[in-house]
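The values are calculated or read from the model by the stated rules, or taken from the named source; none is laboratory data. Given the structure is predicted, the values throughout are model-derived calculations rather than measurements. Here the Cβ positions follow ideal geometry from the backbone for every residue, glycine too, while neighbour counts run over all protein chains shown. Only protein heavy atoms, including side chains, enter the accessible area calculation; ligands, DNA and RNA are left aside. Shrake-Rupley method; radii C 1.70, N 1.55, O 1.52, S 1.80 Å.
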Amino acid sequence: MSTETLVINSLGAQGDGIANGTDGPIFVPFSLPGEKVAVARVKNQATIMSITEASPERIEPACRHFGLDGVGGTCGGCSLQHMAKPAYNAFKRATLTAALKSKGIETDVADVVEAHAGERRRIVFTARKREKGLLIGFNQAASRHIVELEECPITSTGILSRLSDLRALGAAIATGSDHFRMTVTETTTGLDVSIDGVRGGVADRERRNLTETTLKMRGIARVSVNGEIIIEPHQPLLDFGGAKVNMPPGAFCQATVPAEEAMAELVLAHVGKAKRVADLFSGIGTFALRLARNAQVLAVESDEKAIKALDHAARNTQGLKPVKIEKRDLFRRPMMVSELKTMDAVVFDPPRAGAEEQCRELAKSKVKTIVAVSCNALTLARDLSILIDGGYKITSVTPIDQFLWSPHVEVVVSLSKS
């Protein structure tokens, strides 16, 4: 390990400052462009020891866990709390623009739809048993060390106010010192607590402990362990435009309600008056159930529990157009051109890996409108380039900040073919 002083030239896609070294770029987390920093370095990774010249864009972090000295590095949950909002928004937009340009895509990009503190309804904690009770918090950056949670400005008060209950639930199931995960989702009927990584399953004693502990609490909708529902006082429901969905254990949902609603509003606007819409990678129906207010929808999803939850919600919601479901792995068996010919519009929202094979089929189709939703700018750029090569034109690109103070950005893109 060597120590030296560096000048930060730019920010990388992951939010790390980048300095030019004699042997290549040096990555310096929690630094900002224009800063002069003293660092300890191992190869091309550096840690700030002190800031000699601070950027005017540097601000005081909102959370004590970000770093007692304001440099960062204590909690691994956030990486950009030290950056002023205008520069932060510009960084997220520039990250998307750079990803598109890497595939030769030059297009207008709208301003970032901002995220705000206290919006996160879904949080993944790390926990382990200890002598003085359950330790619950977030992993330190690049470490297995758990930073005990005392505050978290990104998280909803509905979750933060129940930390003592969450500790009690975790303690009821913990038998050793192994780390495990507690995914907590704030639903309309209470907290859904999904505990994963518990070795050896759930013994009868722990099952009783967890059940008895839950029954003493109010506002806990369901507790599951390793995907098995242990107790469900209330169905954990999510509201998608008036359609109530019973979320399966461990199912994906958008991390914040405002970001979800912003994405849904854009999707509906771009689809417009289309009468037949395919929602690919539909999950539990975030878009499909909203689209069904005005259009017949084909919802395609590989996860059986998710597609069944969507189907149940569609059948029990008044005022929807017909919703047809299909369980299908679109990575291995994408919808073919012949199957797409009856669709006026297609919406797709794939995992981070993107939808390359599906886009190859879409590119050959005559579907008039495509709306792409993505959480990965690089795979999105690849997929868009395939569609553009097939004759589609981008009509709108909107970045949406859902993961506050992180480098991640959601994107909604509309394309058309005449």
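So the values come out like this:
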| quantity | calculated |
| --- | --- |
| Subset of the range 198-216 [in contact with a strand residue (DSSP E or B) (Cβ under 7 Å, 6 or more places away or on another chain) and without any contact (Cβ under 8 Å) to a residue 24 or more places away in the chain] | Arg207, Thr211 |
| Answer residue from the range 229-259, given it is among the hydrophobic types (A, V, I, L, M, F, W, C) and more than 20 Å from the chain's Cα centre (by Cα) and is least open to solvent (accessible area, probe 1.4 Å) among those | Ala243 |
| Inter-residue pairs, beta-carbon under 9 Å, first farther than 15 Å from Met182 by Cα and in the range 124-150, second open to solvent by 70 Å² or more (accessible area, probe 1.4 Å) and outside any loop (DSSP other than H, G, I, E, B), 6+ apart | Glu150/Arg64 |
| Residue among Asn226, Asn316, Asn294 that alone is open to solvent by 60 Å² or more (accessible area, probe 1.4 Å) and in contact with an Asp or Glu (Cβ under 8 Å, 6 or more places away or on another chain) | Asn226 |
| Subset of the range 255-282 (residues that are under 26 Å from Thr183 (Cα atoms) and in a helix (DSSP H, G or I)) | Val257, Pro258, Ala259, Glu260, Glu261, Ala262, Met263, Ala264 |
| Qualifying residue in the range 48-58 (condition: small (Gly, Ala, Ser), surrounded by fewer than 18 Cβ atoms within 10 Å (Cβ to Cβ) and in contact (Cβ under 8 Å) with a residue 60 or more places away in the chain) | no |
| Candidate set: the range 260-272, residues that are surrounded by fewer than 17 Cβ atoms within 10 Å (Cβ to Cβ) and not acidic (Asp, Glu); chosen: the one farthest from Asp196 (Cα to Cα) | Gly272 |
